[in-house]
1. What is the one condition in (1) surrounded by fewer than 21 Cβ atoms within 10 Å (Cβ to Cβ); (2) in contact with a Ser or Thr (Cβ under 9 Å, 6 or more places away or on another chain) that LEU719 does not satisfy?
2. Please go through segment 105-155 and give me each residue that is free of Cβ contacts under 8 Å to residues at least 24 places away in the same chain, of a type outside the set (A, V, I, L, M), more than 30 Å from ALA61 (Cβ to Cβ) and outside any helix (DSSP H, G or I), ordered by number.
3. I'm trying to understand the selection: among the residues of segment 707-719, which are among the charged types (D, E, K, R) and free of Cβ contacts under 8 Å to residues at least 12 places away in the same chain?
4. If you go through segment 633-658 one residue at a time, how many are part of a helix (DSSP H, G or I) and surrounded by fewer than 19 Cβ atoms within 10 Å (Cβ to Cβ)?
5. Which ones in segment 613-659 are within 30 Å of GLU977 (Cα to Cα) and of a type in the set (D, E, K, R)?
6. Residues of segment 40-89 being more than 27 Å from ALA374 (Cβ to Cβ) and basic (Lys, Arg), which ones?
7. Could you list all residues from segment 61-94 that are within 30 Å of LEU389 (Cα to Cα) and in contact with a Gly (Cβ under 9 Å, 6 or more places away or on another chain)?
8. Among the residues of segment 690-713 satisfying the criterion of being closer than 25 Å to GLU753 by Cβ and among the aliphatic types (A, V, I, L, M), which is surrounded by the most Cβ atoms within 10 Å (Cβ to Cβ)?
Amino acid sequence: MNAMILRWIGVKFEDRRKLAMMAPVFFLCGISELLNYNGYMTLFNQRFGSEYLPYVYGAEAVIMPLEAWFMSWLTSRLTKPQLMRTLFAIMGVIIGVNAVALLLFNSMDISPRAYYPFLFLSSSFVVRQQTILLWSLAVDLCPTQQAKRLMPVFVSSAALGGIAAGVLAQVVSKWLGADAVYMLAPLFLLAGGVNYWKSIAYYLVPLTLKQERSVASGAAEGGLSSGDYFKRSFTTPYLLVAIGIMTLMPALYFLMEYVFLNVTRTIYKTESEFASFFGLVTTLLFTIALLLQLVSNRLMAWLGQSNMLPAIAIIFTCGFVAAAATFGTSFILYSLSMGYMFLYLLLYYFAEPANQLFFKLLPMLQRDGYRYIAQGVAASLGILIGALLQSLHAELGFSLRLLVWVGGGGGVLLVLMTYIGKSLYIRELIRSVQTMSDTRQDLALAFDEYMRENKSPLMLDQLLANSNDYAREVALGMIGRTGDDTYLPKLLALVDDRSARIRIASLRAMNLERAELQALVKVASFLEDPDYEVRAAGVRLLGRADHMRHQAVYFVRLKLLDSSPKVVAEAVKALYYLQNEQSFEACYEVIQRYLKEGGEQTVYICRVIAELEMYSFLPDVEQLLGHTDPAVRAEAIACMGKLRHIAAIPWLLEQLEWAEPALYEVTIDAFIAMGSGAIEPLKDVLQQAQPKVWSAAIRALAALLDEAECQSVLLGAALLKLEELWKSRDIEAALYKMELSTRAELARMRLTEHKAFLLDGVWTVMERIAESDVVFAVRRAIEDEDEEIRESGLEALAEGSADKRLTAALLALFEGWSAPHTDMPYEQAVQVLRAAAGLQDMWLQLLASDALRREENEPLSGQQALMGMLDKVVFLKQVPFFSDLSLEELGYIAGIAVEEKHSAGTRLVASGEINNKLGVIVDGSVQLLAAGSKNGMIAELGPKDVFGETSAIDATAATTTARSVGEVRILTLLGEEMAKLIRLHPEIGMGLLKASLARVRMLEQKIAQTG
């Protein structure tokens, strides 16, 4: 039932928590805002006089810059959550104090007239800031796509709050008066504050834990001073017009409000009647707002964003003309009420987003600066001009009817300004696109949006003829999205264009549905392009030429012999799309050949097999799972996933324990691609799987299961695995008890690796059962290097809305992991190690078995008398050259390391001769000698140093001689074996590269110091 309701209102199931938290805030605060507005407007107009509105609006225009300074001051001193809470508290205090004051005045039966301007100004501040505050919070809490779904619901909630406030105002004012209407406002604000406070704790605090480090650098690169923003805003024509529009609209609204209130006051003379009618208008206003919200998307799509402001300006003008035409008749109240309501709705609900059009063309880093300047200037000037227009009646004695005609004239001026603004915007848009210096996605989107709303072939032609490649790409992308085949001749003419990017873009933009043979031949000329990407795009296009299938096949078949594997792969796909059975045999031969060749050819053809769902090649692809090339293995696994080859899951799970990171991620994606068929096999491994395998299974299941199943299946598995990890720390403590500190450090290293994999899985589960963006932010903070950020992350985790059991388990792990190991009785240590000897993890099993063997004093075999596997790993862990490798990777290195002993004076590496060995000194020392010199010693190396590393892997000539000083014991690594290991496990190569670069930097520093 809940899911059906969510679908009906257009939101997803995972949005429900945020919706349930925030919708009541908008509803209750919407009631509070409108009760506040209704109350203070009624009290001021009835007890102080609507003829004084120009003066309070003038005072407000003076106060607003101070208000902006105060807000800026608060923003610079408080974090975002603190700012949100502080502002909400300030607003609550203001209307709370006003409510108490009104209550005291009523109880004392007094009505101090001087108080009501203060009531107006302070309450107006609350209304103004409350709207900004709530929408700012909603924008901060919702990622872009979620915001598109939830914002209409929040708008509807606020509109329903307005309707409820209107009904309440009518009822309460009738029986208890306007004072009681105002007094209800802080109560509803307090009620909405409960969820408001929770939403900040649950969502905003985590999202703002770690501010983007790029802000400062971005400001340095693209920021301007306030003076620069101000100067450029008033010297850029289309921005100046934008400020004029943003100023004139509120000025005209305040004029309409003034006339409406004065006329209403003459008809409804008592305070209760005025408040009741004002409540009715509020109810109608927000009912219309709710109805408009239901059709707003269609309305904006029909009009187009660039036509919204002219449409709003025309309605403004019509509102004033209708009021002027009915002045002195019985319809005046109706026309003024409708004019007031529509101007209110258009100004606050439609004009604000429409005004943002002008800022889309500005650079992203400068956009907010211009927007704040424009809004600040427009807000102050709008109120000031509105007050001056009102004073035409209050001070100069203009009749209200004449005032309405003045408003009509202002409306006509507004219409002219919006059309001028639109024209300037289009001119600036074209200029910006024509002078693009990079692929600015925001400009391309703005142009695309405008072209969808306003078909303009001339504008596209101008851009196609432009010398700027970025501008031409934008135009070609637009042509491709419209599918307009009338541009085909112009696109074909680009076959000889100097830029490969333009040639590719032109091919992508072509529509061959009604193309003739001559056009097809011209497209075929792209197939001989020197750039293989262009040839591939041409083949892809011909694969869609169904109406000239035989001719297209003729050209495409030739590309089966192309030198580029990508072009050949596209040719195979095109021939299948064209359903040319005569070519299938040739395609099969190509596929079989490419599957055997390995490298890039095999990678591309695996993608073809997956895309065309060629299940007959499954056995061949399965053979590639053990290929030596990691790229081929990865593509074969991805192909297995896309073909939903469930039978491969057991083998893939087996290999996961030894998979390098890239292959590990590809395997998880393959499980997800297999769909529901992979669920049961993956569930089966959750109980007994090694942490690395468990994490992969849990991450795949989190993507495959719905939220309810994640709660019932994955949550329990995550809790159990965290408990197992915590108990595994006893292995470290047991090894320390056995006085095997180096082994204990290895156990700690392995358990830390387990912890990383388990946390990957646990965080994924949390993202599925809580808000994913919030969980991601908390995780990022907890993993940060800054201790203060980590502490804040842990606090946010503790206060968050995720499952309390999982949260508690994670907190215990984070807070206790770095604590020293606990001491334990010797007998308990032996029991822990005996249990660990039966674990699935090879390294923990090996460490435990080795400790038990030592405890039982078992004799060493001949092989073990040298250095066993574990001894090699313990030693290699202490060698700086291997410091960036994991325990697993150290194990691979130890597996190919051979222990050797050499007597004094042995030449281990000879300068100028081919060297294929890397040596690691275990005991003794080795001298490095300069080429051609017996005594020119460069350095003397000791235990844990390496030599021969610069020439071993690629078997090149050594640049120095290495000679033993006394008896020396070394671990030798053959370069060929290391190269094979790096191909299978690229992360080892990255680790060794980091170590090599560190040595180079150290050498450079020494040279610089000696220089």
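1. Every listed condition holds for LEU719 apart from (2).
2. Residue satisfying the conditions is ASP109 alone.
3. GLU709
4. Looking only at that region, the number is 7.
5. Passing the criteria: ASP620, GLU622, ASP629, ARG633, GLU635, GLU654, GLU657.
6. Let us first name the residues in segment 40-89 that are more than 27 Å from ALA374 (Cβ to Cβ), namely 40-52, 81-82, 85, 89.
Residues satisfying the conditions are ARG47, ARG85.
7. Correct list: ALA61, MET64, PRO65, ALA68.
8. Once the filter is applied, the top-ranked residue is ILE698.
The values are calculated or read from the model by the stated rules, or taken from the named source; none is laboratory data. Every value quoted in this text rests on a predicted model; they were computed, and no experiment measured them. For neighbour counting, all protein chains shown are included, and Cβ atoms are generated from backbone atoms with ideal geometry for every residue, glycine included.
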